[in-house]
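Just below is one structure, and these are the notes that go with it.
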Amino acid sequence: MLRFRGKPMPETSLVMAIVNRTPDSFFDKGATFGLQAALERVDQVVEEGAHIVDIGGVKAAPGVEVSAAEESSRVLEVVEQVRARHPSVVLSVDTYRTSVAELVLAAGADIVNDAWEAPEPETFAVVASFGAGIVCTHAGHLPPRTRPHRVSYPDVVADVVSTVTTLAEKAVAAGVPRESVLIDPGHDFGKNSRHSLQLTARTGELVATGWPVLMALSRKDFVGEVLDLLPDERLEGTLAATAVCAWQGARVFRTHDVTATLRVLRMVDAIRGTTAPAVNVRGLA
């Protein structure tokens with residue numbers, strides 16, 4: 001069973017809602033940069049049924065440099081207030097910095113979502129000291145906030161599996177509870193769109209490692225390039241990829257669109273037989 005700082009997770013597919021305290025996010029363009037807007041968005045996604053809320057203070061793409069102090073300022077006050085408003089919700093913070101991780105964990109965060117392949121490996125020990133969880137992500141062996149350029153792999157899935165399982169074992173060796181570790185193949189991070197499509201098609205190979213798999217697919221460039229659409233038009237493509245990954249056994253889905261994603265996952269879980277229909281009267285009355 002997945003568990004984060006003593007909080008057990010349902011044995012279903014799970015939704016991680018994205019809340020960005022950044023002025024330059026690729027999709028929401030800073031809609032939740034203001035503190036009140038961020039808190040209202042958290043209230044909304046919790047009401048919609050998100051299992052995890054992921055708060056970020058630095059966009060993944062290149063851009064204006066954000067210091068550790070500024071990043072901490074952006075995410076810490078959200079964590080503190082959300083922890084008070086929603087004591088039972090699982091809170092994640094999207095950061096690759098050990099100093100930020102330590103502050104937000106002390107304030108009550110449950111997971112560190114490190115999207116950049118642990119550039120500061122001291123984070124493992126910090127996460128362990130709080131009994132918290134961690135996301136171990138493949139980022140193409142690139143420095144944080146770097147775009148891929150003509151990147152190639154003999155086999156991208158093999159590279160991802162080797163990298164994320166090694167990171168996961170390092171986390172456990174540092175003392176992070178095994179049931180609190182997720183692996184993420186890092187769609188688009190250090191990859192072109194064909195790589196991300198391969199990872200989607202071969203999700204089962206990640207699931208076969210035994211580590212629970214997080215998929216961050218929401219409105220990403222590989223969806224946009226397949227359909228030739230801008231971020232605000234990529235929902236259907238995202239949901240198609242979500243269904244494919246969920247059917248193969250991926251467990252957690254990081255998304256901008258909580259309600260739509262939950263509905264897709266509930267349908268996949270019902271088809272698989274791991275959850276029952278909400279209503280079951282057809283042909284019985």
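Please treat every number below as a calculation from the coordinates, not as lab data. Please read these numbers as outputs of a predicted model, since none were measured by experiment. Neighbour counts run over all protein chains shown; Cβ positions are idealised from the backbone, glycine included.
Within straight cross-link reach of residue 191, meaning Cα distance under 14 Å, which aspartates and glutamates are found once same-chain residues fewer than 8 apart are removed?
Cα-Cα hits under 14 Å: 117, 155, 159, 221, 225.
Out of the trypsin sites (Lys or Arg not before Pro) in the range 22-80, which ones are loop residues according to DSSP with at most 15 other C-beta atoms within 10 Å?
The qualifying sites are 29.
What ranking do 141, 86, 51, 149 get, fewest neighbouring Cβ atoms within 10 angstrom at the top?
149, 141, 86, 51
Which whole DSSP H helices in the chain pass both tests: a Cα extent of 24 Å or more along the axis and a mean Kyte-Doolittle value no lower than 0.0?
For the chain, where a helix must reach 24 Å along its axis and average at least 0.0, the hits are 156-173.
Whole number please: convex hull volume per residue of the Cα set in the range 37-191, in Å³?
Each residue corresponds to 113 Å³ of Cα convex hull volume.
Less than 10 Å Cβ to Cβ from residue 62, Lys/Arg counted +1 and Asp/Glu -1: what total charge do the surrounding residues give?
Charge balance in the 10 Å sphere: +2.
Could you work out the local net charge near residue 81, counting Lys and Arg as +1, Asp and Glu as -1, over the other residues with Cβ closer than 15 Å to its Cβ?
The answer is +1.
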